[in-house]
Amino acid sequence: MLSKSNYLEGLNCKKSLWFSKFNKKLRQNNEQKLYRFEIGNKVGSLAREYFGKGFQPKSKYYEIETAFKETFDHINNGGGLIYEGMGLNKDENVFALADILVKQNDRWELIEVKSSTGVKSYHIDDLSFQYYVFKSLGLNITKLSVLHLNKNYTKGDKIDISKLFLKSDISDEVLKKGNLTSLHIRELIQILSLKKEPEIEVGSHCKDCQYREHCWRDYPKYNIYNIFNGKKAEEIHKRNKSVDIKKLSPREYPKGNKLTDINAFLSGNIFIDKKEIKKFINTLVYPYNFLDFETFGPAIPILKNSKPYENLPFQFSLHIQENENDVIKHFEYINKKIKDFRLEFAEKLLKNIKNTGSVIVYNQSFEKNVISSLAKLFPEIKKDLLNINNRMVDLLKPFRSRNLYSPGQNGSASIKNVLPVFTNKTYENLDIKDGMEVSINYEIFFNNELTSKEKDIFFQDALKYCKLDTYAMIDLLKVLKNKI
Ligand code: SF4
């Protein structure tokens, strides 16, 4: 039996669909996927408030037959608005759970609730599958829509459901799929009858796949998919019958940074552009303020005057060096209370940061945006906040521009890849190893879902993580200075 999620998975890769049905143990756990699932549930419950009281089958989502019976008993008895209505067509081997079914006279609108801030291309496939299932059961569906978050919505004292959501009609796009949906469904049902996994070559479709470790186990970690965009890489992969960079012919070599990456990879040599590094170092002015933030961006705005997914800064790490050879001082902040922390964050930052000298960050567009949002929110300290932005220098720049590049970076200028290549430091020994993990856990804390012991451990780990980010910048700047 093919479900909607099977269908979407199979459209991307038939092998992954087969694994999910018959060899799930190969799957790698994905915390972010679980988190997105939770967000989806929260958005789904709010969407019900948007439409009001409706019918929902009492059966659980996995009790497919009884949920289907309840749904269609309700429909056949002339009932309207349905949440999580089940469609099941045993002859066709398909079933689907529709988020919302709205009745108008004898017509139905099928609405899928999404936590995104707009319509994505896979939403069309999602609704095409549901349309196919419910239409095959005789339901007169004349409109297909996506209810998603409104990215321009700003929360007031309370959430205004009528403004939080936007409904986009995608009936035309779904109908344009025509017979393609039934064709794909038939193909995918066939895959589920195979005794052995289908032979599918790896490619750009593997990007976010949970079976990646398994399928890519015999391929080089750094390969043509790290060099070229998906389409181009697939073209070369097909032509050379290999993903190996060593198999590229010189006429296939790219230009610019990627060419530097290939040359460094093939020669094993570090690439240094002393002149450019010098130019970068000369832009820096003491006192050096090494700064890093952590933020979280709840889908449904939690704080007044914030939008869906707006990055809310709750933590910073700041290392200050007044002059060359001076001892470096450390300042840090993390909000530990469930309250609006933005003003406190901004004030603590302004209290500790020097009002002269360079503010050194890694990937300045993120930090600049956060500071600009705070400046808009608090006009009384706007000038001081924007003074931070005016002095910002991006340490990512010399690494992204390949002024310094080691083959060990595998084409990445991310601080987590650059740091262990040029220093003896790494993020690997930390309990929290990336910013997304900090954000997810902070949101869990802010929703009051951590015990006090869990909170203590999390705050300690988050402080260590953010501190390493600014330490890393100090070390990487030293590395650059030593190269000239
Ligand atoms: S890693 Fe690639 S080939 Fe393997 S199952 Fe996933 S998408 Fe398919």
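A single entry from Leu395, Leu404 fulfils the requirement of being touching a Lys or Arg at 6+ places or on another chain (Cβ under 7 Å) and at negative phi: Leu404. Comparison of Glu213, Glu173 shows that the only residue that is touching a residue at least 12 places away in the same chain (Cβ under 8 Å), surrounded by fewer than 13 Cβ atoms within 10 Å (Cβ to Cβ) and not assigned by TED's automatic domain parsing to the domain that holds Asn417 is Glu213. In region 186-210, the residue that is surrounded by the most Cβ atoms within 10 Å (Cβ to Cβ) out of those that are in contact (Cβ under 8 Å) with a residue 60 or more places away in the chain, among the aliphatic types (A, V, I, L, M) and within 13 Å of the ligand (Cβ to nearest atom) is Ile191. Taking the stated definitions as given, is Ser115 touching a residue at least 60 places away in the same chain (Cβ under 8 Å) and polar (S, T, N, Q)? Yes, satisfied.
Tell me whether region 167-181 contains one or more residues that are within 16 Å of the ligand (Cβ to nearest atom), touching a helix residue (DSSP H, G or I) at 6+ places or on another chain (Cβ under 9 Å) and assigned to a helix (DSSP H, G or I). Looking for residues that are within 16 Å of the ligand (Cβ to nearest atom), touching a helix residue (DSSP H, G or I) at 6+ places or on another chain (Cβ under 9 Å) and assigned to a helix (DSSP H, G or I), one finds none in region 167-181, hence no. Does Pro254 qualify as being touching a helix residue (DSSP H, G or I) at 6+ places or on another chain (Cβ under 9 Å), assigned to a loop (DSSP other than H, G, I, E, B) and crowded, with 21+ Cβ neighbours inside 10 Å? Judged against the criteria, Pro254 is not a match. Scanning for something of a type in the set (A, V, I, L, M), in a loop (DSSP other than H, G, I, E, B) and in the same structural domain as Asp461 (by TED's automatic domain parsing), does region 345-360 turn up at least one residue? Yes, region 345-360 has at least one match. Exactly one residue out of Ser439, Ser401, Ser406, Ser452 is among the small types (Gly, Ala, Ser) and surrounded by fewer than 16 Cβ atoms within 10 Å (Cβ to Cβ): that is Ser452. Quick check on my filter: what residues within region 51-85 are hydroxyl-bearing (Ser, Thr, Tyr) and either within 19 Å of Arg107 (Cα to Cα) or in contact with a helix residue (DSSP H, G or I) (Cβ under 9 Å, 6 or more places away or on another chain) (or both)? Result: Ser59, Tyr61, Thr71, Tyr83. There is at least one residue in region 330-337 that is acidic (Asp, Glu), touching a Leu at 6+ places or on another chain (Cβ under 7 Å) and outside the structural domain of Leu46 (by TED's automatic domain parsing). Based on this model, can you work out whether Leu468 counts as at pLDDT 95 or above and surrounded by fewer than 19 Cβ atoms within 10 Å (Cβ to Cβ)? Against the criterion (at pLDDT 95 or above and surrounded by fewer than 19 Cβ atoms within 10 Å (Cβ to Cβ)), Leu468 does not qualify. Residues of region 276-310 that are over 32 Å from the mean Cα position of the chain (by Cα) and over 25 Å from Thr470 (Cα atoms): none at all. Can you name the residue in region 215-250 that is within 22 Å of the chain's Cα centre (by Cα) and assigned to a helix (DSSP H, G or I) and is also farthest from the ligand (Cβ to nearest atom) among such residues? That would be Ile227. Candidates in region 138-170 are the residues that are within 16 Å of Val43 (Cα to Cα) and of a type in the set (Lys, Arg); of these, the one that is surrounded by the fewest Cβ atoms within 10 Å (Cβ to Cβ) is Lys158. Of Phe19, Phe68, all but one fail to be part of a helix (DSSP H, G or I), in contact (Cβ under 8 Å) with a residue 12 or more places away in the chain and more than 16 Å from the ligand (Cβ to nearest atom); the exception is Phe68.
Of all residues assigned to region 320-333, at least one qualifies as being of a type in the set (Lys, Arg), in a strand (DSSP E or B) and loosely packed, with under 14 Cβ neighbours inside 10 Å.
When the residues of region 72-91 are filtered to those that are free of Cβ contacts under 8 Å to residues at least 24 places away in the same chain and part of a helix (DSSP H, G or I), the one that is surrounded by the most Cβ atoms within 10 Å (Cβ to Cβ) is His74. When the test is whether a residue is within 25 Å of Arg36 (Cα to Cα) and assigned by TED's automatic domain parsing to the domain that holds Pro287, Phe458 passes it. For region 22-52, the tally of residues that are within 15 Å of the ligand (Cβ to nearest atom) and part of a helix (DSSP H, G or I) stands at 5.
Of the residues making up region 362-380, those that are free of Cβ contacts under 8 Å to residues at least 24 places away in the same chain and among the hydrophobic types (A, V, I, L, M, F, W, C) are Ile371, Ala375. Residue count for region 377-404 satisfying the condition of being farther than 24 Å from Ile272 by Cα and part of a helix (DSSP H, G or I): 13. Here Phe265 fulfils each of the conditions (1) more than 16 Å from the ligand (Cβ to nearest atom); (2) aromatic (Phe, Trp, Tyr); (3) in a loop (DSSP other than H, G, I, E, B) apart from (3).
The values are calculated or read from the model by the stated rules, or taken from the named source; none is laboratory data. Please read all numbers here as calculations on a predicted model, not as lab measurements. All Cβ positions, even for glycine, are placed from backbone atoms using ideal geometry, and neighbour counts span all protein chains on display.
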